[in-house]
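Peer 1: Here's a structure for you.
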Amino acid sequence: MFGISSTEFAVIMVIALLVVGPKQLPDVLRILGRLYRKLNYFIKNASQVIDDALYDSDRIAEKAEKALYEDKDLSVKRKEDKISDE
């Protein structure tokens, strides 16, 4: 969990118990849990927004690239028509 071992977690809990106290520790842990949940929710939403924006930009780039190639093909055909008309 969070890249720490169980002994490290136990040491952190003992220090928290000594610093906060046994009466307030459940409240502090509850607040930290809510904070973690809200932060996790925010990160998921932000990453979804970023993914959507990147997807939209990829679609716009594909359309622009397609239009660019169509314009090139059209200009090549016009040049070929001019050459064949002469």
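Every number here is computed from the coordinates shown, using simple stated rules; none is lab data. These numbers come from a predicted model, not from an experiment. No Cβ is skipped: glycine too gets one built from the backbone with ideal geometry, and neighbour counts run over all protein chains shown.
Peer 1: Testing the spin-label approximation: label points 7 Å from Cα along Cα→Cβ at L54 and D27. State their distance in nm.
Peer 2: About 4.3 nm separates the two model spin labels.
Peer 1: From the phi angles alone, apply the Karplus equation (6.51, -1.76, 1.60; θ = phi - 60°) to the stretch 40-52 and give each ³J(HN,Hα) in whole Hz, x where the residue is Gly or Pro.
Peer 2: Per-residue couplings from phi come out as 4, 4, 4, 5, 5, 5, 5, 5, 5, 4, 5, 4, 5 Hz.
Peer 1: Let me ask you something else. Suppose each label sits 7 Å from its Cα in the direction of the beta carbon; what would the A16-I43 distance come out to in nanometres?
Peer 2: 1.7 nm
Peer 1: Give me, ordered by chain and number, the residues 5 or more places off Q24 or on other chains with an amide H under 5 Å from its own placed amide H.
Peer 2: Residues meeting the amide H criterion: none.
Peer 1: Return the distance in nm (one decimal) between the two label points of a simple spin-label model at Y69 and F9, each offset 7 Å from Cα along Cα→Cβ.
Peer 2: 5.2 nm
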